[in-house]
Every structure is written in C-alpha cells, then in structure tokens.
1. Please state which of the following conditions residue 86 fails to meet, knowing it meets all the rest: (1) of a type in the set (D, E, K, R); (2) touching a residue at least 12 places away in the same chain (Cβ under 8 Å); (3) not in a strand (DSSP E or B).
2. Would you mind telling me which numbered condition in (1) out of contact with any Leu (no Cβ under 8 Å at 6 or more places or on another chain); (2) touching a residue at least 12 places away in the same chain (Cβ under 8 Å) residue 42 fails?
3. Can residue 57 be described as under 27 Å from residue 9 (Cα atoms), part of a strand (DSSP E or B) and not acidic (Asp, Glu)?
4. Looking only at residues in the stretch 129-149 that are farther than 14 Å from residue 9 by Cβ and either at pLDDT 95 or above or under 15 Å from the mean Cα position of the chain (by Cα) (or both), which one is surrounded by the most Cβ atoms within 10 Å (Cβ to Cβ)?
5. Which count do you get for residues in the stretch 92-106 that are surrounded by 15 or more Cβ atoms within 10 Å (Cβ to Cβ) and closer than 20 Å to residue 32 by Cβ?
6. Being free of Cβ contacts under 8 Å to residues at least 12 places away in the same chain and not in a helix (DSSP H, G or I) is the filter here; which residues of the stretch 7-22 pass it?
7. For residue 66, work out the one condition from (1) charged (D, E, K, R); (2) within 30 Å of residue 10 (Cα to Cα); (3) crowded, with 18+ Cβ neighbours inside 10 Å it doesn't fulfil.
8. So, of the residues in the stretch 114-140 that are assigned to a strand (DSSP E or B) and of a type in the set (S, T, N, Q), which turns out to be nearest to residue 64 (Cα to Cα)?
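The values are calculated or read from the model by the stated rules, or taken from the named source; none is laboratory data. Just so you know, these numbers come straight off a predicted model, no measurement behind them. Cβ placement follows ideal geometry from the backbone for every residue including glycine, while neighbour counts extend to all protein chains displayed.
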Amino acid sequence: MAKPTHDPIEPEALIELAQATIRSARFPQLASLDGDQPRLRPVSPVRVDGFTVYVANLKQYHKTGEIASNPKVELCYLDGDHNQVRITGVAEVLDDAELLAEIWEANPLLRNYLGSIDNPNLIIYRIVPNNVRYMKEWALEYYDVPVGS
C-alpha cells in the first residue's frame with residue numbers, strides 16, 4: 001500500500017482543518033501516566049473552546065490520581081477519514097464556578113448521572129494546550145497548528 005500523498009496545507013487552513021476533525025471525531029483518547037506506565041482511555045469532552053478541552057471525571061477514577069501526580073496529558077482525535085489531531089497540554093481542575101455552571105446546564109447526561117452540580121465526586125478538567133498537531137489521513141506528516149498566545 002502506497003503512502004498517501006497530499007498537497008501542502010497552508011498554515012491559515014490548519015486551524016479550521018484541526019477544529020473540523022475535533023468536531024467530527026468528538027470522542028478523543030486521553031493519555032496520562034500511571035507512574036512510568038502510560039495509560040490511554042476514551043473520554044467524552046463536555047466542552048471544547050478552540051483547542052481547550054474540558055473533560056468530566058469522577059474522583060474515584062484511577063486517572064484522578066494519575067493527573068494529580070502528573071498533569072501533563074495528551075488527547076488524540078481520529079475522525080472517520082483518518083485525519084488526526086493531537087493536543088498536548090496540562091490538565092487543571094476547573095475552579096471557575098460560572099463556567100462550571102454553563103457546562104452543567106449544557107450537559108443533560110452529566111446532570112442526569114450526577115444529580116447535582118455540588119456532587120463531591122465531580123471533577124471537570126480543563127486541558128490547556130501547549131502544542132496542537134494535525135495530520136491528514138495517514139500522510140505521516142504532522143503540521144503544527146497555531147494555538148495562540
């Protein structure tokens with residue numbers, strides 16, 4: 001099988017291509033570290049602002065301790081056309097009450113499952129990107145996507 005070939009991607013098109021992949025794929029894989037062992041699991045973001053991704057979590061989940069020990073994480077989105085976006089960043093616990101209320105109101109599944117925004121098991125992680133890369137199909141070439149300042 002031959003390596004796919006593609007025309008070069010103009011830098012100004014990268015942001016829209018990457019965001020379209022995120023919208024299409026919707027459910028990324030989240031990588032974290034358990035000591036020296038990488039762990040990977042699918043997650044369901046509760047909000048995406050540009051390349052900042054918010055992920056709901058429960059305190060009893062194993063990834064809670066992993067992220068507390070090392071908040072450096074990576075998200076990988078892969079859409080149906082095999083386009084890929086990798087967001088490398090730092091996970092921080094969301095402590096903005098107004099934003100938490102917006103996320104809560106916009107997510108009926110979250111409300112149904114947890115019952116109350118004050119549920120002590122609820123954690124929302126804000127994954128702040130420090131690097132975003134995009135790859136079209138299996139071209140084996142990543143493009144750095146501008147994430148702003």
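1. (3)
2. (1)
3. Details: under 27 Å from residue 9 (Cα atoms): no; part of a strand (DSSP E or B): yes; not acidic (Asp, Glu): yes.
No.
4. The residue in question is 129.
5. At the first step, the residues of the stretch 92-106 found to be surrounded by 15 or more Cβ atoms within 10 Å (Cβ to Cβ) are 94, 99-100, 103-104.
Next, from what is left, pick out any that are closer than 20 Å to residue 32 by Cβ: 94.
The total comes to 1.
6. Within the stretch 7-22, 7, 8, 10 meet the criteria.
7. Looking at each condition in turn, residue 66 falls short on (2).
8. Start the filter on the stretch 114-140 by keeping residues that are assigned to a strand (DSSP E or B), which leaves 122-135.
Right, trim to of a type in the set (S, T, N, Q) and you get 130-131.
Numbers: 130: 21, 131: 22 Å.
Going through the qualifying residues, I end up with 130.
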